């Protein structure tokens, strides 16, 4: 898929979901093990017509914590659009303009997301590494 595509790409951390079948139900296009046997990043593709429903399902299934980690989110991107969904809040921003990220970064900190994880990487197709 190239920039300008109609579908969204999304990144989901395995431990962010209570029931892993929520991830299996999506169109998986890549995965990267972060901690072998424990944590995997999944890259998915979602059609625009299914995006809001998909976000709602992932939010409903989102874990409150895993060990000491809290403040999970999933994020989706398409062209210049970036959508970040925490358990109780969804933000829309410009993928290339980090000044539009300020509110969602502050919210992430308020729900105990580690600041280093609020980079929403990748947030464009060009940044993808897997």
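Side notes on the structure shown:
- Among the residues listed as 77, 96, 107, the single one being touching a residue at least 12 places away in the same chain (Cβ under 8 Å), part of a helix (DSSP H, G or I), over 22 Å from residue 38 (Cα atoms) and out of contact with any helix residue (DSSP H, G or I) (no Cβ under 6 Å at 6 or more places or on another chain): 107
- Only listed residue being outside any helix (DSSP H, G or I) and under 13 Å from the mean Cα position of the chain (by Cα), chosen from 33, 9: 9
- Number of the condition not met by residue 106 [criteria: (1) within 19 Å of residue 10 (Cβ to Cβ); (2) exposed (fewer than 14 other Cβ atoms within 10 Å of the Cβ)]: (1)
- Residue 124 being in contact with a helix residue (DSSP H, G or I) (Cβ under 9 Å, 6 or more places away or on another chain), touching a residue at least 24 places away in the same chain (Cβ under 8 Å) and either closer than 15 Å to residue 10 by Cβ or buried (at least 18 other Cβ atoms within 10 Å of the Cβ) (or both): no
- Selection within segment 80-93 - over 15 Å from residue 53 (Cα atoms) and not in a strand (DSSP E or B): 80
- Here 40, 54 are screened, and the one residue that is under 14 Å from the mean Cα position of the chain (by Cα), in a strand (DSSP E or B) and either surrounded by fewer than 19 Cβ atoms within 10 Å (Cβ to Cβ) or at pLDDT 95 or above (or both) is 40.
- Filter result for residue 93 (more than 17 Å from residue 12 (Cα to Cα) and under 15 Å from the mean Cα position of the chain (by Cα)): yes
- Here residue 64 meets the list (1) touching a strand residue (DSSP E or B) at 6+ places or on another chain (Cβ under 9 Å); (2) surrounded by 12 or more Cβ atoms within 10 Å (Cβ to Cβ); (3) within 20 Å of residue 116 (Cα to Cα) almost entirely, failing just condition (2).
- As a summary of the residue check, residue 60 satisfies the conditions (1) over 23 Å from residue 29 (Cα atoms); (2) at pLDDT 95 or above except for the one numbered (1).
The values are calculated or read from the model by the stated rules, or taken from the named source; none is laboratory data. Please read all numbers here as calculations on a predicted model, not as lab measurements. Note that each Cβ is placed from the backbone with ideal geometry, even for glycine, and that neighbours are counted across all protein chains shown.
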